[in-house]
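The values are calculated or read from the model by the stated rules, or taken from the named source; none is laboratory data. In this text the structure is predicted, and so the values were computed from the model without any measurement. Virtual Cβ from ideal backbone geometry, glycine too; neighbours counted across all protein chains shown. The protein model used for the area step is the full one, side chains on, heavy atoms only, and it has no ligands, DNA or RNA in it. Shrake-Rupley method; radii C 1.70, N 1.55, O 1.52, S 1.80 Å.
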Amino acid sequence: MYDFKIEAADTATMYRDLASALEGLVTGEPDAIANMANASALIYETLPDVNWVGFYRNVGDELVLGPFQGRPACIRIKFGEGVCGVAAKTRQVQRVEDVHAFPGHIACDAASASEIVLPLIKDGELLGVLDIDSPKKARFSEEDEAGCVKLAEILSRVL
Ligand code: SME
């Protein structure tokens, strides 16, 4: 069992410590499923006010559910559909303050109110996306986005 004590003194410090814990967890481990499983557990237990953290993998230009923490979720998402599908299609981070106002949002957990989805890209190839959901509206700030982009960079190297 790994026991990371990440204090949320301030957001920047919290993301710095989270990135370093994630780096330690995944570095040297070549198994992508193990890395996605540990990453979703670490992020879920570290970030306040999140109800779902997990991965959708790019399988033949369709997103397929990967390791996650939270309630059971929809399994397949087409590129361009929902927040995850738009992140996959555009390869741009999607930071959505109110998911109910996002056209085509896929409501896997009715409790989700805001979310951030980060494309995971290695050598020009889209590996999948990291999806983080919150029951609080506008949970993710620009600072959260910067911190999550760092996490996605670490993950892209080991998936
Ligand atoms: N919210 C996502 C669907 C996945 S679940 O939230 C886990 C979306 O609209 O892409």
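Only one of these is of a type in the set (A, V, I, L, M, F, W, C) and over 26 Å from E143 (Cα atoms): A107, A113, A73. Name it. Steps first, please.
Working: A107 fails: over 26 Å from E143 (Cα atoms); A113 fails: over 26 Å from E143 (Cα atoms).
After ruling out the rest, the residue left standing is A73.
Evaluation of Y56 against the conditions (1) within 19 Å of D131 (Cβ to Cβ); (2) surrounded by fewer than 18 Cβ atoms within 10 Å (Cβ to Cβ) shows that the sole unmet condition is (2). Scanning the range 17-60 for residues that are touching a residue at least 40 places away in the same chain (Cβ under 8 Å) and over 22 Å from S112 (Cα atoms) turns up L18, A19, L22, E23, V26, T27, E29, P30, A32, N35, N58. Taking the criterion of being open to solvent by 70 Å² or more (accessible area, probe 1.4 Å) and under 22 Å from N38 (Cα atoms), the residues of the range 73-82 that qualify are I75, R76. Quick check on E97: is it touching a strand residue (DSSP E or B) at 6+ places or on another chain (Cβ under 7 Å), open to solvent by less than 60 Å² (accessible area, probe 1.4 Å), over 18 Å from A152 (Cβ atoms) and more than 11 Å from the ligand (Cβ to nearest atom)? Spelling it out, it is not the case that E97 is touching a strand residue (DSSP E or B) at 6+ places or on another chain (Cβ under 7 Å), open to solvent by less than 60 Å² (accessible area, probe 1.4 Å), over 18 Å from A152 (Cβ atoms) and more than 11 Å from the ligand (Cβ to nearest atom). Which one is least open to solvent (accessible area, probe 1.4 Å), of the residues in the range 1-16 that are over 21 Å from S141 (Cα atoms) and either touching a residue at least 12 places away in the same chain (Cβ under 8 Å) or among the hydrophobic types (A, V, I, L, M, F, W, C) (or both)? The selected residue is F4. Scanning the range 59-72 for residues that are small (G, A, S) and open to solvent by 20 Å² or more (accessible area, probe 1.4 Å), we see that the one that is farthest from the chain's Cα centre (by Cα) is G60. The selection criterion, being within 10 Å of the ligand (Cβ to nearest atom) and touching a residue at least 12 places away in the same chain (Cβ under 8 Å), does not hold for F79.
Go through the range 87-104 and give me each residue that's part of a helix (DSSP H, G or I), over 14 Å from the mean Cα position of the chain (by Cα) and within 18 Å of F140 (Cβ to Cβ). T90, V99, H100, A101, listed by residue number.
Of everything in the range 61-74, what is more than 10 Å from the ligand (Cβ to nearest atom) and modelled with pLDDT of 95 or more? Give them in sequence order.
E62, V64, G66, P67, Q69
Restricting V117, V129 to those that are in contact (Cβ under 8 Å) with a residue 60 or more places away in the chain and assigned to a strand (DSSP E or B) reduces the list to V129. Taking G85 as the residue in question, decide whether it is touching a Leu at 6+ places or on another chain (Cβ under 7 Å), open to solvent by less than 70 Å² (accessible area, probe 1.4 Å) and at negative phi. When the stated conditions are applied, G85 passes them. When the range 100-140 is filtered for residues that are more than 12 Å from the ligand (Cβ to nearest atom), closer than 18 Å to W52 by Cα and open to solvent by 10 Å² or more (accessible area, probe 1.4 Å), the ones remaining, listed by number, are P119, K136, K137, A138, R139.
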